[in-house]
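Heads up: the structure comes next, in structure tokens.
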Amino acid sequence: MTNPNHPFLAACRREKTSYTPVWLMRQAGRYMPEYRKLRAEFSFLDLCKRPDLAAEITITPVNRLGVDAAILFADILLILEPMGLGLEYSKDDGPVIDAHIRSRTDVEQLQEFEPEEALSYVMETVRMSRAALGGKVPLIGFSGAPFTLASYIVERGGSRNYLLTKKLIYSDPGAWRALMERLSTAVGKYLNAQIAAGADAVQLFDSWAGCLSPDDYQKYVLPYTRATIAAITPGTPVIHFSTGTAGMLKLVKEAGGDVIGLDWRIHLDEGWAAVGNDVGVQGNLDPAALLAKPKEIRWRVEDILKRAGGRPGHIFNLGHGVFPETPVEHAIAMVEAVHELSAR
Ligand code: CP3
């Protein structure tokens, strides 16, 4: 069993901790030689579908970096397969989704599914990771938030300007709402299945919400994210993460979450003031800062900790995922700096 008073979980509840807990988004990934070695033999999707290997990748950063939480090795896009969409990860272009969702009828073709069955391999990875962690640190489950998933579906992959997504919102709001409703329900069920399998906390990644104006976010995204978060099994902390949303943090907070993710485009104290002190915050070192020398990393960590001011409810993290170019020693230096400089 995971200790419910572990500093990571205590910080999610905004309780005092003896140091600031820290983990890194995308910590289980391509910057790690252990991961690259496995990837030489297996495709990314194959790794996700091998719970024994996925659990091994999940726990590697805990031992290697000394972080205070593990995040499940999986991907936000895995949920698209049981919806009946094709999913591939190409070498150069990232994820490629075989979908044609342009109307309400298209949305109605999407399949409904039971996550325990259709994504049983993810649940098995949760169970195996929990067993392998032996209660050492909490395990974070995750999903894409409805908007970010919808953008991948409509764009059929990543995008620079999200023009197809915005065009659908503006030209056929009914179809858009139908799609967001589907995703909102599916994501809630998926996260609850991860919690039932043993996830101690969950993070919702709304990575690309920042492409929207505050008004469009409020009208076309917020209600669906809010419904997802409201459906999460009570008692499990929810981290609500997004990027590029410094100008609409109040709305992000309104959608819900015990902890709000902040990217590096805003000072941590200003971001915390914007979301209010009735929630925790997670962040917010620029992931590129890990390319700097450890001494430089240390003073940047110190600045963020100063801005947090020792207030309960801060989880240290990057403002977005760790870059593949990051030297592992620099990630270790960051974790050590957080632990040392925040000890109280
Ligand atoms: O945090 C972790 O280490 C846990 C695992 C995890 C992955 N993806 C593994 C992965 C998590 C939490 C994600 C989330 C994810 N996936 C997001 C949201 C976070 C963010 O960065 O904004 C998004 C947008 C995706 C979609 C996705 N998956 C893309 C765009 C890509 C290709 C580019 C990239 O980032 O690597 C992936 C592939 C992916 N997901 C890899 C890993 C380890 C790399 C696969 C490989 O080995 O080639």
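The values are calculated or read from the model by the stated rules, or taken from the named source; none is laboratory data. No experiment lies behind these values; they were computed from the predicted model shown. A quick note on method: Cβ atoms are made from the backbone with ideal geometry, for glycine too, and the neighbour counts reach across all protein chains shown. SASA here: full protein model, heavy atoms, side chains in, ligands and nucleic acids out. Shrake-Rupley method; radii C 1.70, N 1.55, O 1.52, S 1.80 Å.
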Practice problem: Using only C-alpha positions, report the orientation-averaged shadow area of the convex hull of the range 74-174, nm², one decimal. | Solution: 7.9
Practice problem: Can you give me the three principal axis dimensions of the chain from its C-alpha atoms, in Å, biggest first? | Solution: 57, 44, 38
Quiz item: So what are the three principal axis dimensions of the range 115-164 from its Cα atoms, in whole Å, longest to shortest?
Solution: 46, 25, 14
Quiz prompt | Pairwise label distance in nanometres, K136 with D215, each label 7 Å out on the Cα-Cβ vector | solution = 5.2
Quiz item: Which length gain, in nm to one decimal place, applies between F323 and T233 when the Cα-Cα distance is subtracted from 0.36 nm times their residue separation?
Solution: 29.2 nm
Quiz item: Are there any helices in the chain, counted as whole DSSP H runs, that stretch 15 Å or more along their axis by Cα and score at least 0.5 on average by Kyte-Doolittle, and if so which?
Solution: 328-342
Quiz item: Counting Lys and Arg as +1 and Asp and Glu as -1, what is the net charge of the other residues whose Cβ lies under 13 Å from the Cβ of H339?
Solution: -2
Quiz item: If you place +1 on the Cβ of every Lys and Arg and -1 on the Cβ of every Asp and Glu, how big does the dipole about the Cα centre of the range 1-115 come out, in debye to the nearest 20?
Solution: 640
Exercise. Give, as a single signed number, the net charge of other residues whose beta carbon lies under 14 Å from the beta carbon of N3, with Lys and Arg counted +1 and Asp and Glu -1.
Key: 0
Exercise. Please list the non-local residues whose amide H lies under 5 Å from the amide H of S242, H modeled 1.01 Å from N, same-chain partners needing a gap of 5 or more.
Key: D206, G261
Practice problem: Could you tell me the accessible area of V281 in Å² (1.4 Å probe, neighbours in place), rounded to the nearest ten? | Solution: 0
Quiz item: Among the lysines, which have Cα under 26 Å from the Cα of K91 when same-chain residues fewer than 8 positions away are ignored?
Solution: K37, K49
Exercise. Compute the signed sum of charges (Lys and Arg +1, Asp and Glu -1) over the other residues within less than 11 Å, Cβ to Cβ, of N161.
Key: +2
Self-check item: For the chain: accessible area per residue (Å², 1.4 Å)
Solution: 41
Practice problem: Find, among the trypsin sites (Lys or Arg not before Pro) in the range 140-181, those assigned to loop by DSSP (not H, G, I, E, B) with at most 13 other beta-carbon atoms within 10 angstrom. | Solution: R160
Quiz item: Binning every alpha carbon pair distance of the range 83-130 at 5 Å from zero, what are the percents per bin?
Solution: 5, 16, 16, 17, 20, 17, 7, 3, 0
Practice problem: For an R0 of 25 angstrom, estimate the FRET efficiency from the Cβ-Cβ distance between R311 and R265 and round to the nearest 0.05. | Solution: 0.75
Quiz prompt | Extension gain from E302 to N63, taking 0.36 nm per residue of separation minus the Cα-Cα distance | solution = 83.7 nm
Quiz item: In the structure shown, do any of K167/K219; K167/K250; K189/K250; K136/K306; K136/K253 have a Cα-Cα gap over 20 Å, and if so which?
Solution: K167/K250; K189/K250; K136/K306; K136/K253
Quiz item: Simple spin-label model, 7 Å along Cα-to-Cβ: E41 to K16 in nm?
Solution: 4.9
Quiz item: Out of the range 22-60, which GluC sites (Glu not before Pro) are coil in DSSP terms and have no more than 11 other C-beta atoms within 10 Å?
Solution: E41
Quiz item: In whole percent, how big is the carbon plus sulfur part of the accessible area of the chain, probe 1.4 Å, protein atoms only?
Solution: 50
Quiz item: Over the range 11-67, what per residue volume does the convex hull of the Cα atoms give, in whole Å³?
Solution: 101
Practice problem: Nearest 5 is fine: what % of DSSP beta bridges in the chain come out antiparallel, could you say? | Solution: 20
Exercise. Just report the Cα centroid separation between the range 84-100 and the range 236-304, whole Å.
Key: 30
